[in-house]
1. Non-local amide H neighbours of K134 (under 5 Å, H modeled in plane, Pro and chain starts lacking H): which ones?
2. Taking the solvent-accessible surface of protein heavy atoms with a 1.4 Å probe, what is the per residue accessible area of region 350-480 in Å²?
3. Note down the nm distance, to one decimal, between modelled labels 7 Å out along Cα→Cβ at S50 and at D414.
4. Please list, in order along region 404-420, the HN-Hα scalar couplings obtained from phi with the Karplus expression 6.51 cos²θ - 1.76 cosθ + 1.60 (θ = phi - 60°), rounded to whole Hz, x for Gly and Pro.
5. What is the distance, in nm, between label points placed 7 Å from the Cα along the Cα-to-Cβ direction at F430 and at D406?
6. Filter the cross-link list K80/K110; K509/K555; K327/K509; K183/K229; K705/K790 down to pairs whose alpha-carbon distance in this structure exceeds 20 Å.
7. Which aspartates and glutamates have a Cα lying under 12 Å from the Cα of K510, excluding residues fewer than 8 positions away in the same chain?
8. Is region 611-671 best put as rounded, prolate or oblate by its Cα gyration tensor, with a ≥ b ≥ c the root eigenvalues, rounded for a/c under 1.5, and otherwise prolate when a/b is larger than b/c, oblate when not?
Amino acid sequence: MKTITKIIAVLLVSFATIKVNAQLKSRIYGTVKNNEFVPVVNASVSLLRSEDSLLVHIASSDKKGYFEFPALIKGNYILKITYVSFEPFLSSGIEFSGDSSVEISSIILKRKSAAMESVVVEGIKAPIENKLDKMVVNVNASPTNAGNNALEVLAKTPGVSVDRDGNISLRGKPGTSILIDGKLTYLSAQELATLLKGIPASQLSQIEVMTQPSAKYDAEGNSGIINLKMAKNRQTGFNGNVNLAYSQGKYARLPNSFSFNYKNRKINLYSSFSYSRWTDFNTVDITRKFFDSAGNGTAVFLQNSNVKFIGYNYTGRVGLDYSIDKKTNIGIAVTGIVNSNKSNVESNSNIFDGQNNLDSIGNTNGHRNDLFKNVGLSLNFERNIDSTGRKFSADADYIRYRNTSDQQSYNYVDDIDGRLSSPPLLLRAFLPSNISIYSFRAEYTHPLKNNAKIELGAKNSFVEIDNQAPYEIYSNSYGKWITDSSRADHFRYTENINAVYLNYSKQLKKWSFQGGLRYELTNLTGRQLSTGKSYPRNYSRLFPTLYLGYNLSRKNQLVFSYGRRINRPNYQDMNPFQRFLDKFTYIQGNPFLQPQITNNFELSHQYNNHLFTTVNYTYTNKVINDILIQNDSTKVTYRTKDNIGTSRSIGLSISYNTAITPWWSVNVYATYYKNYYSGLLNNVQLKIDASNFLANFSSQFKFGKGFRAELSGSYRSRMLENGIYRIAPRGDLSIGFAKQILKDKGTIRLNFIDPFNLQMSRSSTKYGNIDMGVVSHWDNRRINLGFTYKFAKGKNEQRKSKTELLDEQKRVN
């Protein structure tokens, strides 16, 4: 705790020092007016470095059209000013000495003509942009992302943590909704991790992190929303890009992608395709201790598992946007994914008795071939009713998943002389899973007088799932494979969610207000066909949201926000199947799981678009949590989920970004939070708390002639995960270089990921009769080489993304 306090103190002192020094410097300022010489309020004013268009600062004009950029370093800059329905303004070069202020005069915005196409200044964006409602990570701006996959990029996002099972948490809070282009993925943690591993980082444009979404978003997601935006071209005519990469650790990876786009005034045809091949390994050492009722040790398991993965991934996306007229647009998009993943596991267990004498040796050989297929169809419609901003939009989506898993597991237990101490357990299964999801959403926006607006919307989704588990066991008596009735099962699940919402927002002089209310009605039924059992349930919830902002001055803003959210169980977590790992370990779902409800409170302060500080408090009821159930006599342990009680979390986050010199910019993020858990776990009263600290940093360097470099890293203190796992501290460091070539049409990237091999996972859990420790290693130290080539014929144009948020996608397995 003292170390964490010192780190936070150093950060605060550093921020204060920078702030004081900055106040001594001169400024660039001006006034924005339209062609009728009326001040333009809330115009977006960006200050860019003239040599590479890198974003340095961003500001908004006030009610008099005035803006300023204080605390500037000596250098050459340009101004880019944008406002809705007006042509962008781009200044000539501004030479700023730092000794005196510079006023930019004659800033007049011209209203767009009907056929005017909006021009975009292409340049290298800042790696991280902080906004009051979200944080934006520009993926391609970081040289260290070359050769990585989407999951690895997500894991290095400030405030985001990814555990060994692929579970993603935000600011230490689990239950984060992951969207791809505004659509939830309908996948469980492990399936989502597999999907993201198959998407090259070159296919991503941005990562948007929203800790407090408004009522127009689905209420799903305990800690907020992370939206992965796929890269899209914005130019008229023919254009596209090719991304090639090679990554070498212990094993090689090949992430490659291609995109193509054609656009004119009526049609926008876009497509992208990727192929990746990867090989990985995971070494896991587990220590499990067993006790009798008096607390005396009866056995110790020392398990070592080595898993090797070989995966292939193909993704494709084709879409068409068509402008019927100036006010009406329609669109269609088709996506497809094919993922093949093969794994082989070798596991050895040394089993000791209570006197620490070797009693027996267990061996498991397993093979698994998984094939994951996904196809999605999206239709969208948008109508701008009039020039006041009234708008109607609708989206319809269909998604189908087909997953098959061919598994074999051969388990033997020998005595210390190498003879079988019990009959071998030989299992095999071919597990098919089919998921169909239908969704429809409609939204209407209506501006009111005096800077007010209302939004009305409705959504309906329907999910069908069919999972089969025809396990077979080899019978020595019959000399053949027979049905394993203790594990074989057939589970069907249907779910229907109906939602409506209302959002109201209003802007006053220094105040801004937004309030919303969302209502969701859920009807679900789970049926276990092998036993005839049925698990019907229905419930409804209200989800209010509130945002209250106040401009203390041109440089200081305060925002208070509140939101209630829900975290429904993943579909597979409610499936009562036994998912077999080895003779002594399996996973089983719980059909009686209930959703957890979370109330989030946040108070945020922004200073001069550089320093962002947030205090947050979260209270969660009916927490969905991992539990381990252990049979001390048979030595069998299985993992399941249950609603264990309540959790509370209070935290402080600080984010700072600035250009220290014209060639050096930094981003620093740090968060400290404390979690409290209380409830009943395995009939044992649980009351535990822990302090946690996360920090990320990145430094970007510009050397001229197209050379760039980046140094980035992260640190995570000892943490409490899911209320029962204590995770040891760990960190990482990455170094990357980039060089623009071929008249800036091509970019070569070279990076070193975790060159000092710092990443590994160590965890332990102790409660009731559970005493277990886990150490895990994987292929984290790598060298990546990437090449990107862009080809284009036409001029840049912004294309609005028309994607709908679907709530159920993250919960599929």
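The values are calculated or read from the model by the stated rules, or taken from the named source; none is laboratory data. Computed from a predicted structure; not experimentally measured. Reconstructed Cβ throughout: ideal geometry from the backbone, glycine too, with neighbour counts over all protein chains shown. Remember, those area values only see protein heavy atoms, side chains included, never the ligands or the DNA or RNA. Shrake-Rupley method; radii C 1.70, N 1.55, O 1.52, S 1.80 Å.
1. HN-HN under 5 Å from K134: empty list.
2. 51
3. The answer from the label model is 7.7 nm.
4. Working through the residues one at a time gives 10, 9, 9, 10, 9, 9, 10, 10, 10, 10, 10, 7, 5, 8, x, 9, 4 Hz.
5. Result: 0.8 nm between the two label points.
6. Those over the limit are K327/K509.
7. Of all the aspartates and glutamates, those that pass the test against K510 - Cα under 12 Å, at least 8 places apart if same chain - are D62.
8. Judged from the Cα gyration tensor, region 611-671 comes out oblate (a/c at least 1.5, b/c at or above a/b).
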